[in-house]
């Protein structure tokens, strides 16, 4: 599977702005934006670009609120990555910030992916991403595409 050209363009446009901007673009591409709260595939009330903390059905947000929430939460995910595996190249940092944003720091913290990172096997860690395509016990096509893109971005940062 290839990273969509429109996503490549979006990431390239934000590359000069740094890792956080690229990670926000990646998250936004795969999460999609909803200004009204909805129930995600596993039953969690969600709003904006996949934001779930304290969301209730009926909540509404502005695009500016969504921009701020997404940047804040992706920043937190990037900080988790940077604390857990300092010194990673930008590609893995972007991909893993998107991954942590999606699965949460707890799942990431107990993962084989993180064990491989800490052992210095960055490529092996990147190749763990496609295993994380299930939500609520179901394989989701959107997660398959997202993990493939994350893996490609992760590995591209190693070349």
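The values are calculated or read from the model by the stated rules, or taken from the named source; none is laboratory data. Predicted model only: the values in this text are computed from it and were never measured. Don't worry about glycine lacking a Cβ; one is built from the backbone with ideal geometry, like all the others, and counts go over all protein chains shown.
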Qualifying residue in the stretch 123-139 (condition: touching a strand residue (DSSP E or B) at 6+ places or on another chain (Cβ under 9 Å), at pLDDT 95 or above and either farther than 18 Å from residue 28 by Cβ or surrounded by fewer than 16 Cβ atoms within 10 Å (Cβ to Cβ) (or both)): yes
Some residue of the stretch 147-154 being more than 14 Å from the chain's Cα centre (by Cα) and more than 17 Å from residue 77 (Cβ to Cβ): no
Identity of the residue in the stretch 77-101, in contact (Cβ under 8 Å) with a residue 12 or more places away in the chain and surrounded by fewer than 16 Cβ atoms within 10 Å (Cβ to Cβ), that ends up nearest to the chain's Cα centre (by Cα): 90
Verdict on residue 41 being modelled with pLDDT under 95 and touching a helix residue (DSSP H, G or I) at 6+ places or on another chain (Cβ under 9 Å): yes
Criterion violated by residue 32 - all others in (1) under 18 Å from residue 140 (Cα atoms); (2) modelled with pLDDT of 95 or more satisfied: (2)
Among (1) assigned to a helix (DSSP H, G or I); (2) modelled with pLDDT under 95 - the single one residue 17 does not satisfy: (1)
Considering residues of the stretch 42-53 that are in contact with a strand residue (DSSP E or B) (Cβ under 7 Å, 6 or more places away or on another chain) and assigned to a loop (DSSP other than H, G, I, E, B) only, the residue nearest to residue 77 (Cα to Cα): 52
Tally, over the stretch 123-143, of residues that are without any contact (Cβ under 8 Å) to a residue 60 or more places away in the chain, under 17 Å from the mean Cα position of the chain (by Cα) and either within 14 Å of residue 103 (Cβ to Cβ) or part of a helix (DSSP H, G or I) (or both): 11
